[in-house]
Each structure stands twice: as C-alpha cells, then as structure tokens.
Amino acid sequence: MAYHKENLKERLIEIAWEICKEGSWRSINMRLVAEKAGVSTTAFYRHFKNKDDLKAALMLRGFQLLSEGIEDPNIEDKFSAYGAHTIKFGLEHPYIYDLMFENNNINISHYPELEAISDFSFSGIVKGVQIFIPDASEKELMIKAINIWASIHGLIGILRRARLQTIKTKELEWIENNLEEYLKMTTFR
C-alpha cells in the first residue's frame, strides 16, 4: 500500500510503535521500519534525522496516551486513581513504558513538546501531594513526590516480574487487582 508524503511520517511512527509494543524499543531500527512501510531508508530520513528523533516521537505518543486517561490529581479522592492509571499503563504497554522511563540516552531538551508532557506527569504528583500536606515546604513536597514517583515505578517493575513468574504471591495479585485501594493505604493513609 502506498502512502502519501503527508502521512508517511505518521505511518512510520505507527509501524515503530507496533514493533515496540511487541518487543523492546531497542529492536527498532530505521531500515526495518522503512521496509515495513514499503519505502526506502532515504524516505525515512526525510522525516527523522536519526533514531533519537524516532524514539522521541514514540515517547511523545506514549506520554500523550498516558495523559489521556489521567484524572485530575488535584482532587483528593482522585490522587490514587492518578497513580493507578500510571501503573496500569506500565503493565499494559511495558516496552513503550521502558522507552519513556528508562535511560535511553535521549536529551529531551532537544524536543520541547516531549519535555513539557514528560514534566507534566511528575508535576501532577507534586500538585496532588500539595493537597495532602498543604503547609509543607517545597523541599518536603518534592521529597514526598519523588518517593511516590519511585514507589509507582518500582511497583510497575515488581508487578511486571510477577507476571512473568509461574507463581505469584497472593499479596501481589491483590495489589494488581486493587491498585487504587493499595495506593490509598500506602501513600497518605
């Protein structure tokens, strides 16, 4: 199927996204993406200078998808839903999540739209923490937010490993099936 120049970039991103959904983002290369799109690597390079540009486009798409389902964390009873949504995203899109949150050697300051949406995901936690401890100093807010951020990302890793194991503990199974309740128990309650 031929693609118009106007939608080739989006088609290349879509193909890379599908490859990344199936396996590690490290398995993506420009030649494979161009081949699956039925175009030359020269056509690919008209839209992306290098692999980092493609990875940045995939990360941007991932953060857009992640932010679509996030409820306003500035409402006290929605803060745990905010965390639960992030955990579910990490479990449902493990390789996209890895690209977004692992050290992937991309300087996101070269991609302002990506940097802004990436910062948004953490700033939501900071704003949510302010609800629970409104008189906290900026340092206290940041320390608590970093702790919550680390806990959420650590839990994603634990639950992903548990999914790969043949024996899952009852506790991890309960946590995965009751994310919001778990976060309410462990975050501020």
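Between the stretch 142-182 and the stretch 43-67, what is the separation of their alpha carbon centroids in Å?
28 Å
With the radius of gyration and the Kirkwood radius both derived from the Cα set of the stretch 58-187, what is their ratio Rg to Rh?
Values: Rg = 15.0 Å, Rh = 15.5 Å.
Ratio value, two decimals: 0.97.
Pairs Lys21/Lys49; Lys36/Lys88; Lys88/Lys144; Lys51/Lys88; Lys78/Lys144; Lys78/Lys127: which are spaced more than 20 Å apart, C-alpha to C-alpha?
On the way: Lys21/Lys49 23 Å; Lys36/Lys88 29 Å; Lys88/Lys144 22 Å; Lys51/Lys88 27 Å; Lys78/Lys144 17 Å; Lys78/Lys127 12 Å.
In this structure, Lys21/Lys49; Lys36/Lys88; Lys88/Lys144; Lys51/Lys88 exceed 20 Å between Cα atoms.
Per DSSP H run of n ≥ 4, the term is -39500 (n - 2.57); total these for the chain, divide by its residue number, and report the mean residue ellipticity at 222 nm rounded to 500 deg cm²/dmol. All intermediate terms of the calculation are to be shown ahead of the outcome.
Numbers: 10 runs with 136 residues, N = 189.
-23000 deg cm²/dmol, from helical runs alone.
Relative to the longest principal Cα axis of the chain, at what angle does helix 112-132 sit, 0 to 90 degrees, rounded to 10?
10 degrees
So what J values fall out for the stretch 180-185 if you push phi through Karplus, 6.51 cos²θ - 1.76 cosθ + 1.60 with θ = phi - 60°, rounded to Hz, Gly and Pro as x?
Listing the rounded values in order: 4, 4, 4, 5, 5, 5 Hz.
So what J values fall out for the stretch 43-55 if you push phi through Karplus, 6.51 cos²θ - 1.76 cosθ + 1.60 with θ = phi - 60°, rounded to Hz, Gly and Pro as x?
4, 4, 6, 6, 9, 9, 5, 7, 5, 4, 4, 5, 4
Coordinate-derived values only; no laboratory data. Here the structure is a predicted model, which is why all the values come from computation and not from measurement.
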